[in-house]
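Undergrad: Pasting in a structure now, in structure tokens, and then I'll have a few things to ask.
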Amino acid sequence: KQDDDQLIIDAGQKQFGATTCSSCGMVYSLDNPEDNFQHNQFHQRFLESIKFVGWKKERVVAEFWDGKILLVLPDDPKYAVKKADDVRRVADNELGFQQMTLSRPAQAKTYLFINSERMVVGCLVSEPIRQAYRVLEQPDHPKDMTKDDFMERHRAWCCSVIPEQALCGISRIWVFSLSRRQGIATRMLDTVRSTFVYGSHLTKQEVAFSDPTPDGKQFATKYSNT
Ligand code: ACO
Ligand code: ZN
């Protein structure tokens with residue numbers, strides 16, 4: 001209800017510009033009927049997908065003041081596996097991944113970050129791996145050169161040809177657009193490192209990201225160096 005009112009007020013102010021829906025995070029143009037239609041289509045389905053009603057059995061692997069992280073395994077009750085699938089689909093959709101299947105679904109461990117408003121705002125899918133190829137650091141361009149930031153971030157990544165040992169592969173990591181830069185991805189990864197292999201704590205080097213997006217690369221670079 002509140003959000004609907006807010007949208008109507010915004011309509012007057014931002015008639016000709018892009019607006020961000022304060023509940024689903026979609027950016028669209030209010031005065032464009034096609035955009036409005038797409039937003040209507042997306043809004044309900046998205047919020048339904050990330051809604052978390054609470055489960056009889058929850059495998060809580062971390063707790064914070066602003067939420068908690070649940071681990072979902074392939075043999076868990078249907079409702080849990082379905083929610084993990086729904087959220088992964090939302091993430092895949094945003095990442096532009098076409099194929100919905102995981103390489104080894106039976107081995108996948110899905111971590112879900114539930115916030116205090118009972119929404120799944122983070123999803124991380126991890127799988128056991130043996131080796132990975134390190135993404136090589138590109139030489140830094142001086143920031144003041146005003147080189148197009150887009151180009152800067154979309155350069156092809158250069159990978160080493162020497163495989164290195166890794167134990168845990170991150171095949172997906174996604175955080176709800178309105179909940180980013182609050183350390184949710186960082187906390188999910190820290191939790192993976194301490195729970196992925198029972199009784200041991202993985203180093204940052206033992207965790208590898210598969211095919212990172214520009215956002216993923218920025219995050220992974222920052223995470224590995226801190
Ligand atoms: N640009 C620059 N730096 C970034 C970015 C970014 N987009 N995202 C994170 N960082 C860096 C920052 O230094 C940040 O610390 P700061 O906020 O104090 O400056 C640090 O990483 C930690 O970031 P978190 O808050 O823990 O990351 P967040 O919860 O925002 O999630 C994520 C990052 C998952 C990449 C998110 O932006 C996202 O979901 N993006 C869209 C989906 C995507 O591209 N996922 C990666 C796909 S690759 C893969 O799945 C293997
Ligand atoms: Zn919306």
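Quick note: the coordinates plus some simple rules give every number you see, no bench work behind them. All figures in this text were calculated on a predicted structure; none of them were measured in a lab. Positions of Cβ are generated from backbone atoms using ideal geometry, with glycine treated the same way; all protein chains shown enter the neighbour counts.
Undergrad: With a point put 7 Å past each Cα toward its Cβ, work out how far residue 18 is from residue 107 in nm, to one decimal.
TA: Using points 7 Å along Cα→Cβ, the separation is 3.9 nm.
Undergrad: Relative contact order, percent, of the stretch 165-226 when contacts are C-alpha pairs under 8 Å separated by at least 6 residues?
TA: 45
Undergrad: Residues of the stretch 180-195 with backbone nitrogen within less than 18 Å of a virtual label 7 Å along the Cα-to-Cβ line of residue 164, please, listed as ranges.
TA: Counting only backbone N, you get 190, 193.
Undergrad: At a Förster radius of 25 Å, what calculated FRET efficiency corresponds to the Cβ-Cβ distance of residue 224 and residue 66, to the nearest 0.05?
TA: Calculated value: 0.55.
Undergrad: Hey, another quick one. Taking the simple approach of a point 7 Å from Cα along Cα-to-Cβ for both residue 31 and residue 180, what is their distance in nm?
TA: My value for the distance between the label points is 2.7 nm.
Undergrad: In addition: I'd like the Karplus ³J(HN,Hα) series for the stretch 190-207: coefficients 6.51, -1.76, 1.60, θ = phi - 60°, whole numbers in Hz, and an x wherever there's a Gly or Pro.
TA: My calculation for the stretch 190-207 gives 4, 5, 4, 4, 8, 10, 5, 10, 4, x, 9, 10, 6, 7, 4, 5, 7, 10 Hz in order.
Undergrad: Next up: Looking at the stretch 155-226, which trypsin sites (Lys or Arg not before Pro) are in a loop (DSSP not H, G, I, E or B) and have at most 12 other Cβ atoms within 10 Å?
TA: The qualifying sites are 155, 181.
Undergrad: Here's a follow-up. So which of 56/109; 83/109; 78/204; 82/204; 57/204 end up more than 21 Å apart by C-alpha?
TA: 78/204; 82/204; 57/204
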